[in-house]
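Visitor: Can you keep this structure in mind? I'll have questions shortly.
The values are calculated or read from the model by the stated rules, or taken from the named source; none is laboratory data. None of the values given here were measured: they were computed from a predicted structure. Every residue, glycine as well, gets a Cβ built from its backbone with ideal geometry; the counts of neighbours run over all protein chains shown.
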Amino acid sequence: MKIKGALTKEKVLNGLKSIGKIRPKVDHASIITFSALILILFIAFAIRLFPVRWEIDPTTGKSNLLLSEFDPYFQYRFTEYIVKNGFISWAWPTQWIDYQRWYPQGINVARAAFPGLPFTAAFLYQIVSMLGVGIDLMSFCALFPAIMGMLASLAIYFLGKDIGGRPVGLLSALLLALYPSYIQRTSAGFFDDETIGILALIVFAFLFLRAMEENRPIGSTIKYAVASGAVLGYFCSGWGAAYYPIGVIVLFSFVLLAAKRYTQQLLLTYSITFGLGLFIAINVPKLSPTYLVTIAILPVAGVFGLLCLAEVLRTVTTTKSRVIVAIAFLAIIVGGFAVLWQAGYMQGIAGKFISVINPFTREASPLVESVAEHRISTWGSLYYDLGIGILFFAVGLFFAFGNLNNRNLFLIILGLTSLYFACSMVRLLVLLAPAFSLLAAVGITGLLKPFVTILKEPPRIGVKKKYGFEHVGKEFSGTAIFLIFIILMTSVAFPMPRVYSQVYAPTTISGGSLSYVPEVPVQEWINMLKWTRDNLKGTTVVCSWWDYGYWLTILGNVTSLADNATINSTQIENIGFTFMANETQALKMLKLYDAEYILVFVTIDYNGNFLNAGGDEGKWMWMASISGKARDRLINSGFIPEEEMWTEKLDEVRKTFGNYTLGKSWTDKNGDGKISNDELISVSKGQNSTIYKLMNYAVERWKQENKGGLQPPTKLLYFKEAYIAGLDNDGSKYGGIVPLVCLYKIEYPSQ
């Protein structure tokens with residue numbers, strides 16, 4: 001027994017020793033790849049944190065993270081509501097109507113917003129809180145985009161690896177991490193739909209392409225298809241641009257059919273993906289089942305029918321039977337579409353999505369055209385964003401066409417369609433990011449491959465010929481690789497002002513909503529919102545241009561008339577009329593909305609002259625143009641006589657109110673193309689407008705405080721100064737720009 005025990009003990013000891021000798025076998029290439037990927041992810045995350053620099057108060061050294069732009073503040077408000085009240089509280093048992101926005105009707109959040117981003121952020125925030133991390137919700141939301149940008153770089157590595165191997169994966173991750181427009185949309189503070197949308201787009205493409213691989217087992221195909229369907233449903237619940245990946249996959253599947261590349265895996269993947277994805281989508285209150293009969297979604301059913309037809313034809317042997325089946329299927333598809341059309345069930349697409357497909361439709365809507373990010377991209381702006389990398393993008397397309405497998409075919413469709421939409425609208429340059437990163441990576445690796453192959457060749461021993469060369473030398477290959485490296489670095493590392501400007505830019509509110517990047521945080525807007533939060537009630541109605549509605553509601557805790565949701569164009573037209581009409585006419589409109597205060601934002605230089613640095617002095621023409629579209633309605637409602645009302649045409653608006661600046665026009669008497677003082681002409685209608693008087697009063701008050709003027713500002717009829725943020729700025733800060741955020745109490749005459 002003792003001998004047996006000793007043998008057992010010896011076996012155990014020998015086993016443990018053998019385990020200790022085991023070493024994981026990891027090749028050098030994997031170590032290098034892993035290290036490079038970790039470095040890229042670190043760069044992707046760190047570079048998106050640069051705006052935090054402007055969040056640090058120079059007087060206290062403390063950081064108070066804020067959000068950027070305007071829409072992210074609503075996303076934060078939605079997230080906060082979920083954190084406080086539960087994940088379905090906004091839709092059940094009663095839908096959340098936010099009466100602090102779009103007064104007096106309020107806004108039904110369940111019907112007006114996508115829940116994907118707030119759900120994700122609220123879920124992750126609760127996990128972080130349970131782990132004991134002490135961070136407030138707004139700071140978490142400010143950091144959230146940088147995390148998503150890093151994860152998107154990781155996701156595109158795996159997609160790129162499937163397309164062209166590890167080099168393509170790594171280069172794709174690096175290019176996406178440093179893509180200027182994507183940096184802008186995922187930098188700290190930009191808490192909006194794109195942060196999860198681009199990540200979802202990449203993961204969706206990765207899963208769908210894997211699911212439809214011809215040699216993949218059916219069980220694996222089903223798993224990947226279910227995952228891709230879940231991601232598609234998530235995409236639909238988080239971003240209105242879900243039309244795009246749906247359209248790309250539908251087009252891709254149709255092209256595969258036309259190219260006679262149909263497989264059962266394609267039908268199975270397509271069916272599960274869209275079945276699950278659209279089922280999730282129609283359960284989002286904003287979308288509802290009517291989403292299935294929109295013009296953009298119906299092609300999903302059409303291509304599904306064609307895929308079913310292809311499967312049936314694959315099993316039918318005789319030519320006659322094939323013809324009968326094909327005609328019957330096509331008749332059903334065409335007849336189904338015709339019935340839906342005639343019955344009125346086919347829904348159109350929202351105006352801004354139509355304007356992406358046909359950008360010329362924006363000319364009929366000054367409200368859409370007034371938003372800078374809705375403008376058509378010029379080739380100059382495209383090059384400014386992509387730099388020399390656009391050449392690699394074109395080369396990538398060439399190599400993809402040269403090896404036309406399914407993945408490359410998908411990449412071509414993704415690249416060409418995203419390029420079209422990016423050219424159609426400046427905002428959608430971010431949609432080009434994944435396709436550009438993948439195709440540029442394919443182009444770079446394709447160019448480098450022959451030179452790298454030559455460098456790897458063993459040295460050849462031979463007799464030199466007197467004339468000519470046996471082959472391209474390693475020195476030439478090394479030089480070519482170095483030149484490609486230098487060209488690439490000029491695009492991603494030694495910018496390109498576009499990359500630098502997107503990385504090194506403050507959040508909008510910390511930059512004072514200025515079109516200039518200040519050296520220090522701009523306090524005027526923050527001070528104004530703190531004043532309203534401390535001195536006014538949540539039910540106090542404040543009229544402002546729609547740009548500032550989110551800030552006033554979420555940060556200022558007052559009730560606004562409009563914001564960037566732009567759900568009620570009539571109300572925005574009325575607000576535009578309020579600012580462009582004279583004080584008496586404006587008062588009639590303000591009374592209609594029970595407004596108690598009115599706010600304007602103006603920027604001036606250190607001499608007190610209007611600038612066009614982000615204030616209302618540069619937005620008034622859109623107020624006039626948008627309200628001018630309601631000309632007949634405003635005249636018929638008795639707000640203004642017909643002879644005094646303007647139109648929506650910008651040329652006429654400039655003549656009516658001043659085409660040099662509000663209240664002034666000019667004529668080039670000398671013909672030298674320059675504006676001199678004697679060529680300026682006052683435009684009485686512009687100087688009588690409510691917005692001009694409110695801005696001019698603030699400027700005169702600033703001069704009184706900082707230029708030693710004793711003369712009081714021009715008296716206003718119905719408005720009394722409540723608070724003007726910026727009066728303490730003598731022009732020495734912010735590069736000589738003086739932002740003035742001006743709030744006035746409305747004094748209605750007693751009846």
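Visitor: Quick check on my filter: what residues within segment 434-448 are more than 17 Å from F401 (Cα to Cα) and either of a type in the set (K, R) or surrounded by fewer than 24 Cβ atoms within 10 Å (Cβ to Cβ) (or both)?
Guide: Result: L448, single match.
Visitor: State all residues of segment 602-645 that are over 30 Å from I737 (Cα atoms), in contact with a Lys or Arg (Cβ under 7 Å, 6 or more places away or on another chain) and touching a residue at least 24 places away in the same chain (Cβ under 8 Å); if no residue qualifies, say none.
Guide: F639 - this is the single residue of segment 602-645 that is over 30 Å from I737 (Cα atoms), in contact with a Lys or Arg (Cβ under 7 Å, 6 or more places away or on another chain) and touching a residue at least 24 places away in the same chain (Cβ under 8 Å).
Visitor: Within segment 147-164, does at least one residue satisfy the condition of being in contact with a helix residue (DSSP H, G or I) (Cβ under 8 Å, 6 or more places away or on another chain), without any contact (Cβ under 8 Å) to a residue 12 or more places away in the chain and not β-branched (V, I, T)?
Guide: Within segment 147-164, one or more residues are in contact with a helix residue (DSSP H, G or I) (Cβ under 8 Å, 6 or more places away or on another chain), without any contact (Cβ under 8 Å) to a residue 12 or more places away in the chain and not β-branched (V, I, T).
Visitor: Can you pull out the residues in segment 680-729 that are farther than 17 Å from G663 by Cα, within 39 Å of the chain's Cα centre (by Cα) and not charged (D, E, K, R)?
Guide: Within segment 680-729, W702, F719, A722, Y723, I724, A725, G726, L727, N729 meet the criteria.
Visitor: Residue check: is T294 among the β-branched types (V, I, T) and at pLDDT below 95?
Guide: Taking the combined requirement at face value, the residue satisfies it.
Visitor: Name, by its number, the condition in (1) within 23 Å of V255 (Cβ to Cβ); (2) modelled with pLDDT under 85; (3) surrounded by 15 or more Cβ atoms within 10 Å (Cβ to Cβ) that does not hold for A301.
Guide: (2)
Visitor: Looking only at residues in segment 543-574 that are within 18 Å of K588 (Cβ to Cβ) and not in a loop (DSSP other than H, G, I, E, B), which one is nearest to the chain's Cα centre (by Cα)?
Guide: Checked segment 543-574; the qualifying residue nearest to the chain's Cα centre (by Cα) is I572.
Visitor: State all residues of segment 583-627 that are of a type in the set (A, V, I, L, M, F, W, C), farther than 21 Å from G512 by Cα and in contact with a strand residue (DSSP E or B) (Cβ under 7 Å, 6 or more places away or on another chain); if no residue qualifies, say none.
Guide: Result: L590, A595.
Visitor: State which residue is surrounded by the most Cβ atoms within 10 Å (Cβ to Cβ) when the search covers only segment 407-432 and only residues that are touching an Asp or Glu at 6+ places or on another chain (Cβ under 8 Å) and closer than 20 Å to V248 by Cβ.
Guide: Looking at the filtered set, the residue picked out is L429.
Visitor: Further question on the same structure: Counting only residues that are touching a residue at least 24 places away in the same chain (Cβ under 8 Å) and among the acidic types (D, E), give me the helices (runs of 4 or more DSSP H) lying completely in segment 215-317 with at least 1 of them.
Guide: 298-315
Visitor: Being in contact (Cβ under 8 Å) with a residue 60 or more places away in the chain, surrounded by fewer than 23 Cβ atoms within 10 Å (Cβ to Cβ) and of a type outside the set (V, I, T), is that true of even one residue in segment 79-86?
Guide: The answer is no; no qualifying residue exists.
Visitor: Given the condition buried (at least 24 other Cβ atoms within 10 Å of the Cβ), out of contact with any Ser or Thr (no Cβ under 6 Å at 6 or more places or on another chain), in contact (Cβ under 8 Å) with a residue 24 or more places away in the chain and assigned to a loop (DSSP other than H, G, I, E, B), answer yes or no: does some residue in segment 203-213 qualify?
Guide: No: zero hits.
Visitor: Would you confirm whether any residue within segment 579-588 is acidic (D, E), crowded, with 21+ Cβ neighbours inside 10 Å and in a helix (DSSP H, G or I)?
Guide: No: zero hits.
Visitor: Right, another one. Filter segment 271-296 down to residues that are farther than 20 Å from F114 by Cα and in contact with a helix residue (DSSP H, G or I) (Cβ under 6 Å, 6 or more places away or on another chain), then give me how many there are.
Guide: Counting residues in segment 271-296 that are farther than 20 Å from F114 by Cα and in contact with a helix residue (DSSP H, G or I) (Cβ under 6 Å, 6 or more places away or on another chain) gives 2.
Visitor: Where residues in segment 520-539 are part of a loop (DSSP other than H, G, I, E, B) and surrounded by 18 or more Cβ atoms within 10 Å (Cβ to Cβ), which of them is farthest from the chain's Cα centre (by Cα)?
Guide: It comes out as L536.
Visitor: Specify the residue that is nearest to L590 (Cα to Cα); the eligible residues are those in segment 715-741 that are part of a strand (DSSP E or B) and without any contact (Cβ under 8 Å) to a residue 40 or more places away in the chain.
Guide: K720
Visitor: Could you list, in sequence order, the residues of segment 129-159 that are over 18 Å from V52 (Cβ atoms) and assigned to a helix (DSSP H, G or I)?
Guide: Residues satisfying the conditions are S129, M130, L151, A152, S153, L154, A155, I156, Y157, F158, L159.
Visitor: Next question. Any residue at all in segment 359-380 that is at pLDDT below 70, under 37 Å from the mean Cα position of the chain (by Cα) and over 30 Å from A624 (Cβ atoms)?
Guide: yes
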